[in-house]
Amino acid sequence: MVIAVIGAGMIGAAAARHLTQDGHEVVLIGPPEPQDKSTHHGVFGSHYDEGRITRALDPWPFWSRASRASIARYRQIEADSGIRFFHETGTVMAGDEDSPYIRRLCQVQQDQALPCDRLQGDELARRFPFFQFDPGTLALFEGQGAGHINPRALVRAQIRIAERAGARRLPDTVLGLDETATGLRIRTDQGDVLASQVLVAAGGFANMILPQPLPLVVYARTVVLLEIDAAETARLAAMPSLIWLEPDGNDPYLLPPIRYPDGRTYLKMGGDVVDVVLRDTQDIQDWFRGGGNAAVGRMLEAQVKARMPGLVVQSAHVQPCVTTFTPQNIPALDRLSPRLSVAVGGCGRGAKCSDELGRLGAELALGRNLPAWAKEAAVPT
């Protein structure tokens, strides 16, 4: 039985690893990162970056559980691949102590007995002098198993392990698929590929492949990279990742100093609240080629400087990405037919727990039932 995984990003690469290490014949289909995004006319991926926050804490049990399962495997994936991607700098999640999201976060922390420090007032200021917090802030600091991952490196690690275990990698772009009497025919820009089972893990591009579209909403997102010099990098050497939970449910995030491929060191800020819906493949491609929203970048930079008074920034650069949401605010992990399954929709939280989402997708491709917690919606009540 040949199992095809469509989408060589974070979830698809993880699914391919799990399937091949379980002894199955796998073909992983998806093009590599384009060298020049401004002229690229194929598909894109939001993992084209050096930093994503990781932590077990989350206001929603599904995301906490999936994250913990993935984090528990980080070091083994690093060891098996020889590629480092996890940086255990710790993560702070903070907000008004009376806000519903902080209360929910605290409830999950208590229910799951997640180890962390609760910090307020002078103690919080002493512990993290990098940040300025408002009065009434409650912060939960997760010091172990949290920090940030390099999504590019994690994808490379997953693919390296999968290929060593026998997976076949095709750098093709999938155009669609058709179910036949004996399996599935996958139409790509390089020809047809036949498979017994197919798992689609193509993120925001999933509906360009599936015979019937899923109820996905793809949003354009902008992040800002704030370049800092060697002195600021040294001053912020102990800085953790930070997520601020707003009363309205928004959760802007800030990563500590990360060295990027251009040799420069940046703080990365995300939390774009301008919900621009990308309605089709053309919209998504145009967004990635366009380079992001400069106005959003300025707004995010202002938020960083308000949270970190005295920060010395050398330059600021915006980058585009997308987030793919489902109505349940958890991934679409479903078997659409006896031969076709999907694992899509990171909902802005998928990077840190992509290995577990890939494992769940692999279970679907093998015809197995998922546990009840994998269907537990994460929507406000």
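The values are calculated or read from the model by the stated rules, or taken from the named source; none is laboratory data. Treat the numbers as computed from the prediction; the structure is a model and nothing was measured. So basically every Cβ, Gly included, is an ideal-geometry build from the backbone, and we count neighbours across all protein chains shown.
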- [ ] Could you pull out the residue among SER354, SER315, SER341 that is crowded, with 16+ Cβ neighbours inside 10 Å, over 15 Å from the mean Cα position of the chain (by Cα) and modelled with pLDDT of 95 or more?
- [x] SER341
Open item on the list: I'm trying to understand the selection: among the residues of region 190-202, which are touching a strand residue (DSSP E or B) at 6+ places or on another chain (Cβ under 8 Å) and either at pLDDT below 95 or in a strand (DSSP E or B) (or both)?
Closed with: ASP192, VAL193, LEU194, ALA195, GLN197, VAL198, LEU199, VAL200
TODO: Take LEU278 and decide whether it is within 26 Å of ALA125 (Cβ to Cβ) and at pLDDT 95 or above.
DONE: no
Task: Criterion: touching a residue at least 60 places away in the same chain (Cβ under 8 Å) and surrounded by fewer than 20 Cβ atoms within 10 Å (Cβ to Cβ) - qualifying residue of GLN120, GLN132, GLN144, GLN110 - done: GLN132
Open item on the list: Given the options LEU300, LEU255, LEU245, name the one that is touching a helix residue (DSSP H, G or I) at 6+ places or on another chain (Cβ under 8 Å), surrounded by 21 or more Cβ atoms within 10 Å (Cβ to Cβ) and touching a residue at least 12 places away in the same chain (Cβ under 8 Å).
Closed with: LEU245
TODO: Within region 288-297, count every residue that is farther than 30 Å from ARG359 by Cβ and either charged (D, E, K, R) or buried (at least 16 other Cβ atoms within 10 Å of the Cβ) (or both).
DONE: 5
Task: Residue check, TYR266 more than 20 Å from ALA302 (Cα to Cα), of a type in the set (Ser, Thr, Tyr) and either at pLDDT 95 or above or not in a strand (DSSP E or B) (or both) - done: no
Open item on the list: Take THR91 and tell me if it is modelled with pLDDT of 95 or more and within 25 Å of MET239 (Cβ to Cβ).
Closed with: yes
TODO: Quick one: in region 222-252, of everything that is at pLDDT below 95 and in a strand (DSSP E or B), which residue is nearest to GLY270 (Cα to Cα)?
DONE: TRP244
- [ ] Under 6 Å between Cβ atoms, at least 6 apart or on separate chains: pull out the pairs that start in region 185-210 with a residue that is more than 22 Å from PRO338 (Cβ to Cβ) and end on any residue that is of a type in the set (S, T, N, Q) and surrounded by 24 or more Cβ atoms within 10 Å (Cβ to Cβ).
- [x] GLY203/THR324; GLY204/THR324
Task: Residues located in region 355-378, provided they are within 12 Å of ALA16 (Cα to Cα) and either polar (S, T, N, Q) or in contact with a His (Cβ under 7 Å, 6 or more places away or on another chain) (or both) - done: GLY358, ARG359, ALA362
TODO: For region 166-186, state whether one or more residues are farther than 25 Å from HIS18 by Cβ, surrounded by fewer than 21 Cβ atoms within 10 Å (Cβ to Cβ) and within 25 Å of the chain's Cα centre (by Cα).
DONE: yes
Open item on the list: Out of everything in region 106-156 that is of a type in the set (Gly, Ala, Ser) and in a helix (DSSP H, G or I), what residue ends up being nearest to ARG84 (Cα to Cα)?
Closed with: ALA153
Task: Test result for PRO327, surrounded by 18 or more Cβ atoms within 10 Å (Cβ to Cβ) and either in contact with a helix residue (DSSP H, G or I) (Cβ under 9 Å, 6 or more places away or on another chain) or under 26 Å from VAL217 (Cβ atoms) (or both) - done: no
